[in-house]
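Structure first, commentary second.
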Amino acid sequence: MPKRSIGKKKKLGVSVEKDKFSEWYTQTIIKADLVDYSPVSGCLIFKPMGYAIWEIIKDETDKRFKKLGIKNVYFPLFIPESLLKKEAAHLKGFSPEVAWVTEVGKTKLTEKLAIRPTSETIMYSSYAKWIRSWRDLPLRLNQWNNVVRWEFRHPIPFLRTREFLWNEGHTVFASKEEALKEEKEIFGIYNEILRDYMAVSGFISKKTETEKFAGAEFTKAIECLLPNGRVVQGPDFHHDGQIFSKAFGIKFLNKNGKEEYAWQNTWAITTRMIGIMLAIHGDNKGLIIPPRVAPIQVVIVPIFFEKSKGKVLKKAKELEKKFNKFRVFLDSREEYTPGYKFNDWEMKGVPIRIELGPKDIEKNQVIVVRRDNGKKEIVKIKNLDKKTKEVLDDIHNVLLRRSKEMLKKGTMQVKSMNELIKGIKNKKMIISEWCGNKECEDWIKAKTGGVKIIGINESAKAKGKCVYCGKKAKYVVYIAKSY
């Protein structure tokens, strides 16, 4: 019999089902060993598995940025108050969230320093010095860093934290047309990462004036629907027009020798996407990590018996070496039972588990188990490379299809406030029509206890009446609870 051990006694697994989403989500994230809470409320510790997911997302995104000619830089974490004040709307939008450094040791600083909530102001003071001529444009820079935004009450791992990791692209162009053209390129990259790596299906919407980025002309974002009916903003794109260039004096001489203000964009993807991905794909057993971002794609679990332990372990190590094209981990721990290990790796969401025992060695085979549906299959060792790739690709496709179906099933069209409120209670995202007046936007939020207009569907034409006031509608909009 396989060795009995402390694995039987140690409590493992998620104790609530996914329909109790909030508890399921936080419990799963912690038990799966992705993150831990730090002594500072709202600030996470990224453990190796959690950070490895971000590294894959970051690396794949960065490769695509570089293909567009976007270069990486790094600007300071601290921003002088005088710079943050240069664009009034920007400061007003961020002031409740800014954390300040006011003294060093016992010495008061002559000027407060903001801990970076975003980098427009510190970057653009340099851009104003660097850009002189049309020959200096376009300037397409990006940085991968951390930011701090303090204003909220209830932190949620990945989804809502006071410090998070992201990219922030800051680009400058000679014309509005060039700047607007970048939107398609950037969303093309972000959509590819969400679809082809994270197996997440989202939709692009344009933010209302109330919800747009502080200081931008407009904001668009890829929005994602979670199983609890809440919508979370994913990667975004802000067209800043000439707002910041006028505030910071980012001017250039055009080809005719005439001085003009530059046109600018900013865009970002954050560690919030990890939480979105895990929330969408997980089940009652725990996480299901899409294969292309999984730090461990295949876990090998040898089945130990006293007489054949050495033989099985040797073969398992051979398989581990053979699998060098995949991210593989050999779980050779002897202090845990096979059953404990199976449950452990299921909870952690590893896409494929390979079971290997002495009888399997005799038959030159292994048992391959899929995390997405639990299906077991006997596979000859000579065919394992090919089969593993096929299964990983199929798991990705299954998860993406499920994500698309969840988005479709979780969406409801309504024409009245009564229908809207009923739909929200049933954990649906609402599609309806809006007149465009801020008063109605505010009233929708007030009457529903915080539900808001997530964004405008620019590809749809309004044909009916505003869901709140009944006047002629201007926009088709998405309405939902959000984080």
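The values are calculated or read from the model by the stated rules, or taken from the named source; none is laboratory data. All values reported here derive from a predicted model rather than from experimental measurement. Using ideal geometry, Cβ is built from the backbone for each residue, glycine included, and neighbour counts are taken over all protein chains shown.
Tabulated data for the structure shown
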| item | result |
| --- | --- |
| Region 67-95 - residue that is over 19 Å from Lys112 (Cα atoms) and touching a strand residue (DSSP E or B) at 6+ places or on another chain (Cβ under 8 Å) and, of those, surrounded by the fewest Cβ atoms within 10 Å (Cβ to Cβ) | Gly69 |
| Unmet requirement for Gly275, which otherwise passes all of (1) out of contact with any Leu (no Cβ under 6 Å at 6 or more places or on another chain); (2) under 30 Å from Asp19 (Cβ atoms); (3) touching a residue at least 40 places away in the same chain (Cβ under 8 Å); (4) not hydrophobic (A, V, I, L, M, F, W, C) | (1) |
| Residue check for Ala128: surrounded by 16 or more Cβ atoms within 10 Å (Cβ to Cβ), farther than 23 Å from Glu163 by Cα and among the aliphatic types (A, V, I, L, M) | yes |
| Among the candidates Leu253, Leu319, Leu313, residue that is of a type in the set (A, V, I, L, M, F, W, C), free of Cβ contacts under 8 Å to residues at least 40 places away in the same chain and surrounded by fewer than 24 Cβ atoms within 10 Å (Cβ to Cβ) | Leu313 |
| Strands (runs of 3 or more DSSP E) (entirely within region 335-382) containing at least 1 residues that are among the β-branched types (Val, Ile, Thr) and farther than 25 Å from Ala52 by Cβ | 365-370, 376-380 |
| Cross-chain or 6+ apart pairs with Cβ under 7 Å, region 418-440 first and over 17 Å from Ser205 (Cβ atoms), then at pLDDT below 95 and assigned to a helix (DSSP H, G or I) | none |
| Residue tally, condition acidic (Asp, Glu) and not in a loop (DSSP other than H, G, I, E, B), over region 281-317 | 1 |
| Residue satisfying condition, being of a type in the set (Lys, Arg) and within 20 Å of Val148 (Cα to Cα), within set Lys108, Lys85, Lys63, Lys67 | Lys85 |
| Check on Lys474, over 24 Å from Glu211 (Cβ atoms), basic (Lys, Arg) and in contact (Cβ under 8 Å) with a residue 12 or more places away in the chain | no |
| From Glu377, Glu335, residue being in contact with a Gly (Cβ under 9 Å, 6 or more places away or on another chain) and surrounded by fewer than 14 Cβ atoms within 10 Å (Cβ to Cβ) | Glu335 |
| Residue tally, condition under 25 Å from Lys409 (Cβ atoms) and in contact with a Gly (Cβ under 8 Å, 6 or more places away or on another chain), over region 212-226 | 6 |
| Complete set of residues in region 27-76 that are touching an Asp or Glu at 6+ places or on another chain (Cβ under 8 Å), within 28 Å of Arg153 (Cα to Cα) and basic (Lys, Arg) | Lys47 |
| Pair list, Cβ < 7 Å and 6+ apart or interchain, from region 192-207 residues that are in a loop (DSSP other than H, G, I, E, B) to residues that are modelled with pLDDT of 95 or more and among the acidic types (Asp, Glu) | Tyr197/Glu60; Gly202/Glu223 |
| Close pairs from region 225-239: first farther than 22 Å from Thr118 by Cβ, partner assigned to a loop (DSSP other than H, G, I, E, B), Cβ under 7 Å, at least 6 apart | Leu225/Gly410; Pro227/Lys18; Asn228/Lys427; Gly229/Gly410; Gly229/Lys427; Gly229/Lys428; Arg230/Tyr483 |
| Strands (runs of 3 or more DSSP E) wholly inside region 222-268 that include at least 3 residues being more than 16 Å from Gly455 (Cα to Cα), touching a strand residue (DSSP E or B) at 6+ places or on another chain (Cβ under 7 Å) and of a type in the set (D, E, K, R) | none |
| Test: residue in region 410-418 that is in contact with a Lys or Arg (Cβ under 9 Å, 6 or more places away or on another chain) and part of a strand (DSSP E or B) | yes |
| In region 430-483, the residues that are more than 23 Å from the chain's Cα centre (by Cα), surrounded by 20 or more Cβ atoms within 10 Å (Cβ to Cβ) and not in a loop (DSSP other than H, G, I, E, B) | Ser432, Glu433, Trp434, Glu441, Ile444, Tyr475, Val476 |
| Region 196-211, subset small (Gly, Ala, Ser) and more than 11 Å from Leu399 (Cα to Cα), residue farthest from the chain's Cα centre (by Cα) | Ser205 |
| Out of Val148, Val104, Val98, sole residue that is over 30 Å from Glu259 (Cα atoms), β-branched (Val, Ile, Thr) and surrounded by fewer than 16 Cβ atoms within 10 Å (Cβ to Cβ) | Val104 |
| Residues satisfying the stated conditions in region 134-154, i.e. among the aliphatic types (A, V, I, L, M) and at pLDDT below 95 | none |
| Residue match in region 120-133 (condition: among the basic types (Lys, Arg), modelled with pLDDT of 95 or more and farther than 30 Å from Ile30 by Cα) | yes |
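One line per residue, one yes/no per condition, for (1) closer than 25 Å to Asp196 by Cβ; (2) within 18 Å of the chain's Cα centre (by Cα); (3) in contact (Cβ under 8 Å) with a residue 40 or more places away in the chain:
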position: Ile29; (1), (2), (3): yes, yes, yes
position: Ser41; (1), (2), (3): no, no, yes
position: Lys63; (1), (2), (3): yes, yes, no
position: Lys66; (1), (2), (3): yes, no, no
